[in-house]
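The values are calculated or read from the model by the stated rules, or taken from the named source; none is laboratory data. As the structure is a computational prediction, the values presented were derived from the model and not from experiment. As a convention, Cβ positions derive from the backbone with ideal geometry for all residues, glycine included, and neighbour counts pool all protein chains shown.
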Amino acid sequence: MSVLSQTVILLVLSNVFMTFAWYGHLKNLSTAPWIVAALVSWGIALFEYLLQVPANRIGYTQLSLPQLKILQEVITLAVFVPFSILYMKQGLKLDFLWAGLCLVGAVYFTFRSGWNA
């Protein structure tokens, strides 16, 4: 499996955990004290880091740091949008789609010079 594929898969999985750690408590623990939500979120975030750290180490063998960061941001939104719509029952706005288009531009400019640019 290519370095890019390994990196993307690990970052997607990492972002699923991250999204639930950061936002899942708003739905599931809304009546719990904030400290309970924080401790549960930290527990979930451990799995995020167990995937994110290796993803970044693998990716950094062929990607530059800015490329890794842009890749992470795009994956974050690719995971967050379905989470927001399907799990949190939030509406989709046209402005979110325009913001996504801006990210496509960011990916283009970050990767247009090739790997390790």
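Computed quantities for the displayed model
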| read-out | value |
| --- | --- |
| Of residues in the range 81-93 being modelled with pLDDT of 90 or more and surrounded by 15 or more Cβ atoms within 10 Å (Cβ to Cβ), the one nearest to residue 8 (Cα to Cα) | 83 |
| Boolean, residue 96 is in a helix (DSSP H, G or I), modelled with pLDDT under 95, surrounded by 14 or more Cβ atoms within 10 Å (Cβ to Cβ) and among the hydrophobic types (A, V, I, L, M, F, W, C) | yes |
| Some residue of the range 61-75 being among the charged types (D, E, K, R), modelled with pLDDT under 90 and surrounded by 11 or more Cβ atoms within 10 Å (Cβ to Cβ) | yes |
| Filtered residues of the range 99-117 (kept if hydroxyl-bearing (Ser, Thr, Tyr) and either surrounded by fewer than 14 Cβ atoms within 10 Å (Cβ to Cβ) or outside any helix (DSSP H, G or I) (or both)) | 108, 113 |
| Residues that are of a type in the set (Gly, Ala, Ser) and either under 15 Å from the mean Cα position of the chain (by Cα) or under 15 Å from residue 13 (Cα atoms) (or both), drawn from the range 36-66 | 45, 55, 59 |
| Failed item, numbered, when residue 109 is tested on (1) aromatic (Phe, Trp, Tyr); (2) within 18 Å of residue 5 (Cα to Cα); (3) at pLDDT below 95 | (2) |
